[in-house]
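All remarks here apply to the structure that follows.
What follows is calculated from the coordinates using simple rules that are stated; it is not laboratory data. Remember, it's a predicted structure, so these values are computed and weren't measured experimentally. Glycine also receives a Cβ, built like all others from the backbone with ideal geometry; neighbour counts cover every protein chain displayed.
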Amino acid sequence: MDETQSAGATVLVVDDTPTKLYILSSWLRRSGHQVVQATGGVEALTKVRELRPDLVVLDVRLPDITGYEVCEQIKADESTSSIPVIQISGAAITPADRAQGLERGADAYLAEPVEPDEFAATVEATLRYYRARQRAERMARRLISLTEVTLAMNAAETFDDLLATAVEGTSRILGRHAGTLVLPPDGRIRRFSAPAGGSAVAKAAPPEALNKLSAMSLDGGTGTRVFTTPIYEWLKLVPDAEISGDVSSVLCRTKADRPPVYLGVDAVPPLDEDEFNILRQLGQALALTVDALRAYIEEHAIALTLQRSLLPARIPEIPELTISWRYQPAVDNVEVGGDFYEVIKLDHRVLIAIGDVQGHSLLAATVMAELRHALRASVLSATDLGASMALLNNVLRRYHPGMTATVCLILLDPATGEMEVANAGHIPPLLIGDGQAAYHRMGNLLLGVAEETYRVDPLTLPEGGSVLMFTDGLVEDRDKLLDESLEIVRRLADDTGCDLEAFCDRLIARFGAREDDVALVMFRREPSR
């Protein structure tokens, strides 16, 4: 016995003749179907909209409007257009009548007298097609939702967002309570659940639940397993589970050295084959997305460790100077960048440098390290900012053709305030003193483009005066002119206050998370004591 014959349908019978209405209804009930009756076209349309029957058996000649018109209106309404209609008539029985009925939307047309077996077979065949169409449309909707949920999971930036998206999507697609268990790289197991179509909620997770589930299904191996756990077994694993029946689950492990990823749903009523396939695909998509996010986080941590290892381990203490510095990596960039700063104590003077090698890559970080080492070497015997800048330019042009960098160098005697500035295409340093802030003039050509003679500008930094140097990642925005952002920095620097650390924090906070790395050095010449 097939699915259609084993499961009764709700059938609306529409006829204004009591005897005929009774006979057709009796045949349908004998086949196991539930019957709803109507005696006119308007009444039939009302019941179709209210009840959404599985089938309509419709007389052609009705007292108010014809069965043709009723059928047309059913098929014209998007919400009822898939409901099959069998037209039946003892008067309109010519080939033209039958053709008109089928052309106006009927799925079958019977001319009386009709034998009970013929009627039952027509009903079963029509319902079989209707249910196959329903299943196909349901699967199409679920596949569309599966794609949407998978895309949303791939867009998640944190494990909590990812898991919340996964359980909410699963509960919505399958119409069941859903839950997930995942162990991220931080070692703290996450558990999220969501009622059917509801919002995800984070819950405390039993620490050994994932290991026990793995032992039950994957036996420590890799792959994907779909299984159903009786409720009494499940409550041993998760005692506070908000379920009243068995649990159908998918457990995925992509690599032997990785913890598995669990996704499960309420198994009451039992899942059919299509629902199990959807659950399997959701579980596999979640496992792959967890792996991708895990790899991103691990790579990001490695990149930051490498980046910081290339920057100065410490800044020398200079009694006459207060120095503050910051390095803030790009919020969404896993690769290392080329931003750097340097503070070198030279006899009675100090060299402060800031620079930015183009790009985000291991090459950019390598070039940045080479320039820092070349800068240090250039001041071992004598200090000439113009010569040091020319050396950096030659290093870049000879060993890394095609790469460019901006660098600003300041040589300061803290005791006298005498200061020299050399700038190769970098944002000019901001000079702050007497309640005013102004950028120094523009410098020479950036490094790596052509041979250049770099100008060295002599200045004097008064007692209490400060200098702010930063890379363009702080101020570059796609939707704002650079001059506007530079002016924001200048206005903020009009009142730096006594605490340089607090000012640098305010400056970073003012611009927020950045798309590019930010390096910043600020120093103040303290009054002599």
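Structure above, values below:
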read-out	value
Amide H contacts under 5 Å for residue 518, placed H, 5+ residues apart	328, 330
Alpha-carbon spread of segment 107-183, three principal axes, descending order, Å	68, 20, 12
Helical contribution to [θ] at 222 nm, DSSP H n ≥ 4, -39,500 (n - 2.57), averaged over the chain, rounded to 500	-13000 deg cm²/dmol
The chain: angle of helix 385-399 to the longest principal axis, Cα-based, in degrees nearest 10	50 degrees
Rg [Å, one decimal], Dmax [Å, integer] - segment 156-297, C-alpha atoms	13.5, 39
Residue-by-residue Karplus 3J(HN,Hα) for segment 191-197, coefficients 6.51, -1.76, 1.60, Hz, glycine and proline x	9, 10, 9, 8, x, 4, x
Anchor residue 47: lysines whose Cα lies under 24 Å away (excluding residues fewer than 8 positions away in-chain)	20, 75
Ranking of 467, 70 by count of other Cβ atoms within 10 Å, fewest first	467, 70
Distance (nanometres) between label positions extended 7 Å along Cα→Cβ at residue 46 and residue 376	9.1 nm
Two-site label geometry, residue 256 and residue 314: point separation in nm, points 7 Å out along Cα→Cβ	4.6 nm
Cβ-based exposure ranking for 143, 385, 58, in which fewest neighbours within 10 Å come first	143, 385, 58
Global size of segment 55-116 as Cα Rg and Dmax, reported in angstrom	11.0, 33
Spatial separation of Cα centroids for segment 492-527 and segment 95-158, in angstrom	67 Å
Compactness index (Cα Rg / 2.2 N^0.38 Å), the chain	1.59
Charge dipole of segment 311-525 about the Cα centre (unit charges at C-beta), most positive-ward option of 429, 324, 446	446
Order of 498, 71 under a 10 Å beta carbon neighbour criterion, fewest first	498, 71
Qualifying lysines (Cα of each under 25 Å from Cα of residue 236; at least 8 residues distant if same chain)	203, 212
Net +/- balance of residues flanking residue 459 in space, Cβ distance below 10 Å, scoring K and R +1, D and E -1	-3
Rounded to the nearest 20 debye, dipole of the chain from Cβ charges on Lys, Arg, Asp, Glu	980 debye
For residue 418, distant residues with modelled amide H under 5 Å away	413, 461
Whole-Å distance, taken between Cα centres, linking segment 159-202 and segment 340-408	50 Å
Charge-dipole axis of the chain as Lys and Arg at +1 and Asp and Glu at -1 on Cβ define it, positive-most pick from 235, 502, 249	235
Pairwise FRET efficiency - residue 273 versus residue 93, Cβ, R0 = 60 Å, nearest 0.05	0.90
For the chain: relative contact order, % (alpha-carbon pairs under 8 angstrom, 6 or more apart)	9 percent
The chain: angle of helix 482-493 to the longest principal axis, Cα-based, in degrees nearest 10	60 degrees
